Each structure stands twice: as C-alpha cells, then as structure tokens.
Amino acid sequence: STLIVQDSDTKMTVKFSNAIIATGSAPFILPGLPDDPRIWDSSDALALKTVPEKLLIIGGGVIGMEMAQVYSALGSKITIVEMLDHIIPPADKDLIQPLFLKLKKKYQIFTKTKVTKITVTDKNIVARFEGAKSSDSGAFDAVLVAVGRRPNSKELGLENIGVTINKQGFIETNEKLQTSLPNVYAVGDVVGEPMLAHKASHEAKVAAENIAGQNVIFNPKTIPSVAYTSPEIAWMGLTEKEAKKSGIAYNKGKFPWGASGRALSVNATTGVTKVLFDKKTGKIIGAGICGSHAGELIHEALLALEKGATAEEISQTIHAHPTLAETFGFAAEIVTGAITDTLPPRKK
C-alpha cells in the first residue's frame, strides 16, 4: 500500500504493508465560546501557565474534578458546573458521595446546572448559569471547559481510502482492530469509548500481534476507570444504574472504610468499597472503590470479573490483615452473610 502525506510545505510518499491509526482525541470545545486565552481546554490547564484566583470549571467529570483539585491546591477558588445530578457521572452517585462531601466544603459545586452565556471583559470572564441551586452569574479569572473529548479522525482524509467512520467520528474496527481495510488497523481514543490510555495501549498490542501473524482479539469483559482525585475513585464492570437499566437483579456488598483497621491507622477512613453480584449466578458483575489508592485496589475486582468469581469464592479468599485490599473481601462477606468486621445489613 502507498500513503501520500501532504501539508502546506511538503509532500511525502510512504509505502507500507500494514498501518496502525493511533491519532487519539482532542478536547471538545463548546460552540459559541469567545476566543480568549483565559478560556482553557484540558491541555491549557495542564500547561500551568498561570494560577487564576477564581477558576470556573464547566463539566464535573473525571478531568474536571482532577483539575479542580490541582488548581485548588495551588490556591485557586473553584466553581464547578455539571449538567447532570452528580459529579463524575459515569460512576454511581453513592460511590462518589465521600468525595463530594469533602469537596463541597471547599468548592462551589452546582449540579443540574448549565452555563448559558460567557462574556469576556478586560478584567474578567462573566458566566451566566441556569440551574435550581446556582446563582445567576459569576465573574472568574479563567474558565476550564472539561466536557469531554472528540476523536481525531475528521482531518485524516480516511474517506479517500475507504476507512469507515461512524456518526460519532470513531473509526470502526473488528475484534482484531482491523478497519474496513484489512491491512489498516486503528487503536485508542479514535476507535471509541472509553478514552483511556490503558485501553489504547492494550489495543495497540493486539493490533501489533495480529500484524506479526498471531491470531489475537480485543474482547475484554470490562475496562477499569480511575479518577485521580483525593480520595481516588475507581470502578469496573456494571454500575448499579447500568445493572438496573439492563434489568439485572443483583446483590450488593458495601463496606465502609471507617470499619477498616488499616484505613483507621493511616487516616484514610473517607472511603467505601462496593461490589455487585448477579443474583442468579452469584458471580461478580461490577465493583467500585472510593478511597486512598482506589486505582491500585480495583484490580482484584477486575480479575475476579474476568474469571467469573462468585461472592462465596471471594469471601473465602484469605486477605492479609490489616490492609485496604481486604475491604474487597469484606464487601463480598456482606453478601454471603459471613461479615464480622461491620454490622450486616438488615434483612428485608
């Protein structure tokens, strides 16, 4: 195959047997926003060119909340506006609650609220809000727009070579990560959600192995998500709202970190470990952790789901004590009824 790459100055011809498209994604910018250096996307925020006295963050998702804590630590006064009913919307509301209760003491957080207008002046940026519990407007020194990302696919000219792109702008691939052209593969943000680095790198390995002649597919049962906030939030598999939407009956084990000896000893009691099990099969279908090192701790749940472990099997797995990791076993014990480290839930 031959690829012609051209920009305003140069033209280059590349011959190849196989190719991998890994062009990633870019921050999504709300239409109609003024062009002003004080209106940032996530890349601007990471550049850390200035620390505004007052920072408005539009979007209470993972990126918005991570940047909120960074700039708060640097001295900014934070206001967050989120359209949905809680911050970090992909996770369950009760899993986020320990983080929310901590942050609402320091930040202004408006949920079920949207920004209707932004006006730029020499002195500041004025934003108008629409929401039940928000003020009508506010003046800020900078605005971070953190409302998601879009795939980098439109400017590649892929339509010229017959690569199929869906309505959302994602390149369509099969389980081997092949596009509609068998010798052209695609990986990462440009092929779909979730837009996560660990998903992208795993996809890249699958594509490379197939190019090398192996027969490998990308078909994970789940992909973990982590919000690097303080406390951290991590989840995998089905959330409660997803299980309910799918009509799956489940049992829930929810262990409070205030009952963890390890959490008490390291002053990390702001947290919870929650695990969901299918009522019919007893197998784990989802889990979430809010607390210190949640991103490290979620992987036992991930392996349990990949291997189809049941609540009984997890509860009978001996965990070292005292550790934060044992809260996963305790959550399973709540479901089996074997829990002794906290009061069991009342029988309905």
| note | Rounded to the nearest 0.05, FRET efficiency between residue 321 and residue 215 (Cβ-Cβ, R0 56 Å) equals 0.80
| remark: Relative contact order as a percentage, segment 226-336, C-alpha pairs under 8 Å and 6+ apart, gives 31 percent
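Using DSSP to call loops (not H, G, I, E or B), can you name the trypsin sites (Lys or Arg not before Pro) in segment 115-202 whose Cβ has at most 12 other Cβ atoms within 10 angstrom?
Values: sites: 117, 123, 128, 133, 149, 154, 167, 176, 199; in loops: 123, 133, 167, 176.
Taking segment 115-202 and a limit of 12 other Cβ atoms within 10 Å, the loop trypsin sites (Lys or Arg not before Pro) found are 123, 133, 167.
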| field | Top positive-direction residue, dipole computed over segment 1-80 with Cβ charges, set 31, 71, 52 | value | 71
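Taking the Cα centre of the chain as origin, work out the dipole magnitude from +1 charges on Lys and Arg Cβ and -1 charges on Asp and Glu Cβ, in debye rounded to 20.
Numbers: 39 positive and 36 negative charges, 223 e Å.
My answer is approximately 1080 debye.
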| query | Out of every Cα-Cα pair in the chain, what percent are more than 25 Å apart? | reply | 62 percent
| note | Links exceeding 28 Å between C-alpha atoms in this model, out of 49/205; 167/199; 93/280; 154/205; 114/167, come to 49/205
| Residue-span extension gain [residue 139 to residue 43] - 0.36 nm each, minus C-alpha spacing | 32.3 nm
| task | Quick one: what are the phi-derived ³J(HN,Hα) couplings along segment 161-166, Karplus 6.51/-1.76/1.60 with θ = phi - 60°, whole Hz, x for glycine and proline? | result | 10, x, 7, 7, 10, 7
| field | Per-selection metrics, segment 42-145 (Cα): Rg and Dmax in Å | value | 13.1, 42
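Averaging sequence separations of C-alpha pairs under 8 Å and six or more residues apart, then dividing by the length of the chain, give the relative contact order as a whole percent.
Working: 681 pairs, mean separation 48.3, N = 348.
Averaging sequence separation for qualifying contacts and normalising by length gives 14 percent for the chain.
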| message | Given 25 °C and 0.890 mPa s, compute D for segment 226-336 with the Stokes-Einstein relation, Rh being the Kirkwood radius over Cα pairs; round to the nearest whole µm²/s. | response | 179 µm²/s
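Values in this text are rule-based calculations from the coordinates and carry no lab data. In this text the structure is predicted, and so the values were computed from the model without any measurement. Heads up, the Cβs are rebuilt from the backbone with ideal geometry, glycines too, and the neighbour counts pull from every protein chain shown.
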